[in-house]
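One structure below.
Throughout, read-outs are computed from the coordinates displayed, never taken from laboratory work. The model shown is predicted, which means the values in this text are computed figures rather than measured ones. Here the Cβ is made from the backbone with ideal geometry for all residues, glycine too, and neighbour counts use every protein chain on show.
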């Protein structure tokens, strides 16, 4: 495909329509046969289909990113599939319950029912490519917290909170923060606050509510990485095609639906948990309310850049953390493998 051109929008004249249609037919995004005099109609729809399969904004515009993906050698796509199969080989093969699955480079969460059918799917936001990547591991979701506090991590405390306090005396109140001592008791901010935060004498937490950094709910699977699923007040980021914006935790697009799914076989008092009841607990329920799952649900956080859907469509995603690149370099050396 010819590169180095300005973005071609649907309806524009484009000299490369013959090459474009040939490539899209080879890739399976465009039915065989037919010719195109302009960039319009079925050709645009095929580009949108291709963009969706490659984690791009499906707007039908032939921009530099789309052309780069179209020009990717088929051998590179085959390598991505090989890498995905290799990674799946490392995964557990049996779970006591169907897992909640998060694929990092796809920015996608899927949950499965007892009969192993897809029950829920949503966009997610994962850790920044550097320096706060979301780790790859598996664990069990054990409890949910509605309207949680956000306990600020030491890294964010150093990078953001302490400079904010130094810069403005109203920073703590504006951000709805509380200062706590080593026992978790709320204390008054005083002159030695910054020194106490730096030494670990004091900690910072954000009060529950709609503007809390964790949103109105978090899903906990205790682990050494201090990573969990949670909602977010910054919902506009879910519309981005690339969604690595977090400090390592995973933000979910449809938190009430996920809570309703995980609690679907439990009661809240005399009422069965539903999506609507979960939303009420988020919006107007008790602050920092913990609800334990009667049955732990596995969560699998994995990293594969090629995904085959049930209809046979294969999707490809950028190697945002460079894990595939490192895997290929390691395998190229041959055994023994670490």
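Once the Cα-Cα distance is subtracted from the 0.36 nm per residue extended length, the residue 328 to residue 276 segment shows a gain of 14.1 nm. Quick check: from the Cα gyration tensor, does segment 150-206 come out rounded (a/c under 1.5), prolate or oblate? Here segment 150-206 falls in the rounded category. Considered as an equivalent ellipsoid built on the Cα gyration tensor, segment 116-157 has semi-axes of 24, 18, 12 Å, the largest given first. As I understand it, the value is the acute angle between the Cα axis of helix 17-27 and the longest principal axis of the Cα atoms of the chain; what does it come to in degrees, rounded to 10? Once rounded, one gets 70 degrees. When you restrict to C-alpha pairs under 8 Å that are six or more residues apart and normalise by the size of the chain, the relative contact order lands at 23 percent. Under Stokes-Einstein, with the Kirkwood radius over Cα pairs as Rh, the value for the chain at 37 °C and 0.692 mPa s is 144 µm²/s. Only helical runs count toward this figure. For the chain, summing -39,500 (n - 2.57) over DSSP H runs of n ≥ 4 and dividing by all residues gives -8000 deg cm²/dmol at 222 nm. In this entry, segment 131-175 is assigned a mean projected area of 5.0 nm², taken as a quarter of its C-alpha convex hull surface. Relative contact order, percent, of segment 150-206 when contacts are C-alpha pairs under 8 Å separated by at least 6 residues? Once divided by the residue count of segment 150-206, the mean separation gives 46 percent.
Expressed as an acute angle from 0 to 90° and rounded to the nearest 10, what is the orientation of the C-alpha long axis of helix 323-333 relative to the principal long axis of the chain? So the helix axis and the longest Cα principal axis differ by about 70 degrees. Beta bridges per DSSP, both residues in the chain: antiparallel share near 85 percent.
Take every pair of alpha-carbon atoms less than 8 Å apart whose residues are at least six positions apart; their mean separation over the length of segment 183-338 yields a relative contact order of 12 percent. Against the chain, whose longest principal axis comes from its Cα atoms, helix 275-284 is set at around 50 degrees. The modelled label-to-label distance for the pair residue 309/residue 158, using points 7 Å beyond Cα in the direction of Cβ, is 4.4 nm. The packing ranking, built from the mean of other Cβ atoms within 10 Å per residue, places the peptides 312-321, 178-187 in the order 312-321, 178-187, highest first. Protection proxy ranking, highest mean first, for peptides 197-203, 300-306: 300-306, 197-203, where packing is the per-residue count of other beta-carbon atoms within 10 Å, averaged. Over all pairs of different C-alpha atoms, segment 197-288 has a mean inverse distance whose reciprocal, the Kirkwood radius, equals 14.9 Å. With distances taken between every two different alpha-carbon atoms, segment 1-75 has a Kirkwood hydrodynamic radius of 12.1 Å.
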